[in-house]
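This report concerns only the one structure given below.
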Amino acid sequence: MHQKTKHVREPLFHIVKRDAIPNWQSIMIRVIAVALALLVNGIVILAVTGENPINLYITMFDGAIGTSRRFWSLMQNIAILLCLSLAVTPAFSMRFWNIGAEGQALIGGFATAFMMIRFGESLPTAVLIPVLLIVSMLAGAIWGVIPAIFKALWNTNETLFTLMMNYIAIQLVSYFTYVFSVPKGSGQIGIINRSSRAGWLPIVNGNSYLVNILIVAVLTILVYIYLRFSKHGYEIEVVGQSEDTARYIGLDVRKVIIRTMLLSGAICGLAGFLLVSGTDHTITRDTVAGRGFTAIVVSWMAHFNPFYMILTSFLICFLEKGAVEIATVYGLNDSFSDIITGVIIFFIIGSEFFINYAVKRNHARGEVQA
Amino acid sequence: MNVPAIELKGITKTFGNVVANKNVNLVVNRGEILSILGENGSGKTTLMNMISGIYYPDAGSILIDGEEVVIRSPKDAFDYKIGMIHQHFKLVNVFSAAENIVLGLREKSFNLKQATREVQKICDQYGFDVDPSKKIYEMSVSEKQTVEILKVLYRGADILILDEPTAVLTPQETEKLFAVLRRMRDDGKAIIIITHKLHEVLSLSDKVSVLRKGEYIGTVVTAETDEESLTEMMVGKKISLNIDRSEPQDSVDRLIVRGLDFYNEEGVKVLDDISFTARSGEILGIAGIAGSGQKELLEIIAGLLKPQGGDILYENPETGEREDLGSKTPLEIRNMGIRLSFVPEDRLGMGLVGNMDITDNMMLRSYSKGKGFFLNRKDPQKLAEQIIDNLEVVTPGTSTPVRRLSGGNVQKVLVGREIAAMPTVFMAAYPVRGLDINSSYTIYNLLNQQKEHGVAVIFVGEDLDVLMELCDRIMVISSGIVTDIVDGRKAKKEELGILMTMGEDKEEEEGKEDK
């Protein structure tokens with residue numbers, strides 16, 4: 001009798017690690033994940049708001065790409081997010097958890113704004129823009145390399161350190177927005193060089209976002225080549241995979257960490273430059289708006305491949321734009337759009353589990369004895 | 001008719017596309033020792049993990065005392081009085097033996113004194129030699145193993161599974177363990193021992209079940225079989241188990257190590273005044289219990305660790321000069337034109353990068369050559385193809401990540417790369433660990449070839465039989481001390497066994513002198 005009850009206890013299914021599965025299968029799993037996410041969201045929408053989910057999804061598309069202006073604005077957002085994702089990727093490939101892209105980009109943007117204010121009248125734009133570019137990248141690089149130096153020399157925790165550097169950057173910018181505020185004491189800088197447009201990236205083909213988008217497109221290719229085909233990229237890979245191997249081949253791990261974080265920080269600084277000189281033409285403590293953190297998700301979901309990052313950053317920006325549109329059109333608040341994007345991202349990240357593991361139903365007892 | 005203690009019927013387990021066990025049948029009676037024999041990767045441990053509740057079989061059934069059972073977790077296994085002694089010990093270092101033994105028992109309260117008494121009783125019954133109040137960190141590897149065995153006995157296990165229990169033991173300790181196991185068998189316990197060492201199978205077990213590549217080949221009575229036929233069952237074909245050993249030719253001093261001292265990060269003295277000479281055209285074997293300082297010694301010579309004292313001198317055959325390597329990094333050694341190859345113990349974590357493909361692993365040591373900013377993947381690609389051809393590496397192609405290869409093929413890739421560097425000194429730490437018999441012999445042959453090319457070969461091994469067949473001289477280290485360097489052709493196993501533990505006594509004597 002005792003043994004009988006044991007039989008009932010057999011688990012219904014168990015989890016098995018998969019070998020690599022063919023590409024089409026992993027794509028199918030992801031497609032199914034998105035479909036399921038839309039379904040779950042539909043239920044949530046119906047239950048909470050009583051709206052027809054299909055209408056809501058149409059509104060979403062409309063919000064993201066409904067007009068030419070919206071389309072270009074979406075592209076611009078993708079460009080910035082992609083730029084930040086490219087920036088964190090070398091560090092993450094090295095297993096250096098740089099969660100300070102937010103601060104590194106903000107300080108780059110601040111350096112740009114500062115130079116625009118100081119030299120907007122004295123330097124011609126043709127000289128000023130290269131200066132802005134260099135100064136912003138330098139500022140980002142410095143912000144990135146400080147935690148790297150501490151990590152390399154004293155093995156401090158880079159996660160906490162880069163995070164703290166974000167707060168310093170934000171407070172610095174808050175302070176200086178008061179110092180430079182126009183009018184004095186308003187606490188806001190406002191549009192810098194509104195009439196002279198000094199230090200503004202040029203409008204090409206009537207499109208003020210095109211330069212940003214092109215710069216990031218070129219950068220994507222460069223980062224891909226750097227990681228895949230250069231000796232530096234190879235060293236980053238070795239250090240990230242195994243420090244013992246790096247030691248074994250006589251690689252100077254400290255040098256690689258510092259060099260890579262200089263690069264990572266510099267690209268963040270570039271993103272800051274694009275934000276200030278290319279689109280916002282001002283600086284506030286919220287200029288980067290959390291995208292330094294979102295970039296980590298983008299980079300990770302793309303398995304650190306710059307070309308896949310185009311897709312993942314598109315997905316995230318598209319969802320955000322669409323969700324905001326839903327919130328406005330249907331008079332729902334912002335939190336609701338966050339719920340929708342949250343559910344979708346949850347399913348996409350969750351699908352990774354099913355790509356790596358298979359869930360198998362257990363055999364019925366009869367089969368075994370047969 | 002007596003009912004078997006444990007019986008497996010048609011057990012199958014797959015991981016992805018890998019079939020770890022296919023339709024395996026086993027029977028173990030009480031009062032019997034069963035050896036499970038098979039090469040690495042033949043599915044021995046997977047099978048035992050299913051009995052002890054770590055894995056769950058895809059198909060098949062397990063019978064205990066004739067009743068079909070479902071074992072979902074280690075706790076279920078324990079309820080059926082199954083106890084497994086793993087290869088890697090699971091003990092709390094700062095606890096005493098007795099504390100470790102009672103740890104995890106779900107009793108409302110326990111009395112440590114009472115437990116100690118009971119542990120002592122088990123010790124006396126089977127002839128274990130361990131002090132229940134001794135702390136784990138003060139124990140030798142064999143004492144720790146004893147505690148693991150006591151732990152399962154204390155819980156009342158009467159089906160015992162031991163996974164490669166002799167891998168970490170000296171010959172003398174192995175004998176002691178076998179004596180204890182025989183006593184337990186006579187006491188009516190069912191014992192399963194996993195191993196790939198043939199002579200142990202023959203000397204200890206009553207029956208042998210052989211697995212090959214996950215498949216159940218058959219069970220034979222030990223008394224009716226011999227080494228050759230077991231090998232044939234295990235490998236699937238007849239192979240000769242001889243290693244050719246040629247006389248060293250034109251041997252000259254190549255690497256001279258003098259008075260090497262090394263303390264690890266915790267300040268523990270790992271190497272104590274190590275001196276020896278490695279000669280060209282000769283294989284110098286290093287024997288010792290795992291963790292006696294072999295790893296550190298090789299890493300110091302390779303330039304990965306800095307010794308606190310002593311010299312490493314290299315007789316350069318090209319210039320005829322004597323060069324000091326003591327404070328050089330691996331990069332500096334290479335830039336001096338010294339070709340020192342090193343096959344580390346941790347293949348995928350140090351010698352290779354598991355996630356990189358074969359081509360990228362080929363250039364680990366050479367990628368920085370040449371001026372340009374970009375990598376040259378053409379030559380490594382060629383080298384990869386060459387090694388795959390010459391050493392018969394089984395792989396879908398050069399772009400396969402090395403972690404996907406089997407252990408033997410991983411090692412061929414690593415050894416192949418290190419040999420391709422045309423070394424003058426070739427160091428290998430446990431190069432055949434985890435390899436099947438065929439791959440092991442490929443590696444021995446490669447080491448012999450290097451020796452015949454005039455390379456000074458340093459070989460850290462664990463199997464004394466192999467060391468005695470392969471090496472010209474054998475250096476024995478014990479607790480970081482060189483206890484002796486003996487002639488490989490004349491060495492006796494017992495003598496090596498004694499030398500392997502002599503350092504501990506010396507250490508204790510020194511300790512007493514200090515007081």
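The values are calculated or read from the model by the stated rules, or taken from the named source; none is laboratory data. Not measured: the values here are computed from a predicted model. Cβ placement follows ideal geometry from the backbone for every residue including glycine, while neighbour counts extend to all protein chains displayed. Surface areas here come from the heavy atoms of the whole protein model, side chains and all, with no ligands, DNA or RNA. Shrake-Rupley method; radii C 1.70, N 1.55, O 1.52, S 1.80 Å.
Points worth noting:
- Residues in the range B:342-379 that are assigned to a helix (DSSP H, G or I) and either within 11 Å of chain A (Cβ to nearest Cβ) or at pLDDT below 90 (or both): B:ARG347, B:LEU348, B:GLY349, B:MET350, B:GLY351, B:ASP360, B:ASN361.
- Which numbered condition A:ALA266 misses (of (1) in a helix (DSSP H, G or I); (2) open to solvent by less than 30 Å² (accessible area, probe 1.4 Å); (3) within 20 Å of B:LYS371 (Cα to Cα)): (3)
- Hey, A:SER73 surrounded by 24 or more Cβ atoms within 10 Å (Cβ to Cβ), in contact (Cβ under 8 Å) with a residue 12 or more places away in the chain, under 26 Å from A:VAL324 (Cβ atoms) and of a type in the set (Ser, Thr, Tyr) or not: no
- Residues of the range A:19-58 classified as surrounded by 13 or more Cβ atoms within 10 Å (Cβ to Cβ), within 24 Å of the chain's Cα centre (by Cα), at pLDDT below 85 and among the aliphatic types (A, V, I, L, M), total: 0
- Filter pass, B:ILE239 being in a loop (DSSP other than H, G, I, E, B) and either without any contact (Cβ under 8 Å) to a residue 24 or more places away in the chain or open to solvent by 40 Å² or more (accessible area, probe 1.4 Å) (or both): yes
- Filtered residue count, the range A:76-100, keeping only those that are buried (at least 24 other Cβ atoms within 10 Å of the Cβ) and touching a Lys or Arg at 6+ places or on another chain (Cβ under 8 Å): 4
- The residue list B:ASP465, B:ASP484, B:ASP472 contains one member that is modelled with pLDDT of 85 or more, in the same structural domain as B:GLY293 (by TED's automatic domain parsing) and open to solvent by 60 Å² or more (accessible area, probe 1.4 Å), which is B:ASP484.
- Lone qualifier among A:ILE45, A:ILE32, A:ILE58, A:ILE27 - being closer than 30 Å to A:LEU222 by Cβ and part of a helix (DSSP H, G or I): A:ILE27
- Flag for B:LEU298 being over 25 Å from B:TYR444 (Cβ atoms) and either within 24 Å of the chain's Cα centre (by Cα) or modelled with pLDDT under 90 (or both): no
Listed here are the residues, each with its yes/no results for (1) in contact (Cβ under 8 Å) with a residue 24 or more places away in the chain; (2) open to solvent by 60 Å² or more (accessible area, probe 1.4 Å).
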site	(1), (2)
B:ILE301	yes, no
B:LYS306	no, yes
B:GLY354	yes, no
B:MET363	no, no
B:LYS371	no, yes
B:ARG377	no, no
B:PRO380	no, no
B:ALA384	yes, no
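- Test result for A:ILE213, more than 30 Å from A:THR156 (Cα to Cα) and open to solvent by less than 60 Å² (accessible area, probe 1.4 Å): yes
- The condition (being open to solvent by 10 Å² or more (accessible area, probe 1.4 Å), in contact with a helix residue (DSSP H, G or I) (Cβ under 7 Å, 6 or more places away or on another chain) and more than 14 Å from chain A (Cβ to nearest Cβ)) is satisfied by just one residue among B:VAL92, B:VAL119: B:VAL92.
- Among residues of the range B:242-252, those that are touching an Asp or Glu at 6+ places or on another chain (Cβ under 8 Å), within 18 Å of B:ILE474 (Cβ to Cβ) and open to solvent by 40 Å² or more (accessible area, probe 1.4 Å), counted: 2
- Answer residue from the range B:191-221, given it is among the polar types (S, T, N, Q) and at pLDDT below 90 and is surrounded by the most Cβ atoms within 10 Å (Cβ to Cβ) among those: B:THR195
- Taken over the range B:290-299, the criterion of being assigned to a loop (DSSP other than H, G, I, E, B) and surrounded by fewer than 23 Cβ atoms within 10 Å (Cβ to Cβ) is satisfied by B:ALA290, B:GLY291.
- Boolean, A:SER242 is out of contact with any Lys or Arg (no Cβ under 6 Å at 6 or more places or on another chain), open to solvent by less than 60 Å² (accessible area, probe 1.4 Å), modelled with pLDDT of 95 or more and within 14 Å of chain B (Cβ to nearest Cβ): no
- Contact map, the range B:173-195: first residue aromatic (Phe, Trp, Tyr), second residue open to solvent by less than 10 Å² (accessible area, probe 1.4 Å), Cβ cut-off under 8 Å, separation 6 or more or different chains; pairs are B:PHE178/B:LEU204.
- Screening B:TYR430 on (1) assigned by TED's automatic domain parsing to the domain that holds B:VAL268; (2) touching a Gly at 6+ places or on another chain (Cβ under 9 Å); (3) buried (at least 22 other Cβ atoms within 10 Å of the Cβ) shows it passes everything except condition (3).
- Scanning the range B:19-65 for residues that are part of a loop (DSSP other than H, G, I, E, B), of a type in the set (Gly, Ala, Ser) and under 24 Å from the mean Cα position of the chain (by Cα) turns up B:GLY38, B:GLY41, B:SER42, B:GLY43, B:SER52.
- Just one residue in the set B:ILE256, B:ILE283, B:ILE338 is assigned to a strand (DSSP E or B) and in contact with a Ser or Thr (Cβ under 9 Å, 6 or more places away or on another chain); that residue is B:ILE256.
- You will find that of B:LYS81, B:LYS22, B:LYS13, the residue that is basic (Lys, Arg) and either surrounded by 20 or more Cβ atoms within 10 Å (Cβ to Cβ) or touching a Cys at 6+ places or on another chain (Cβ under 6 Å) (or both) is B:LYS13 and no other.
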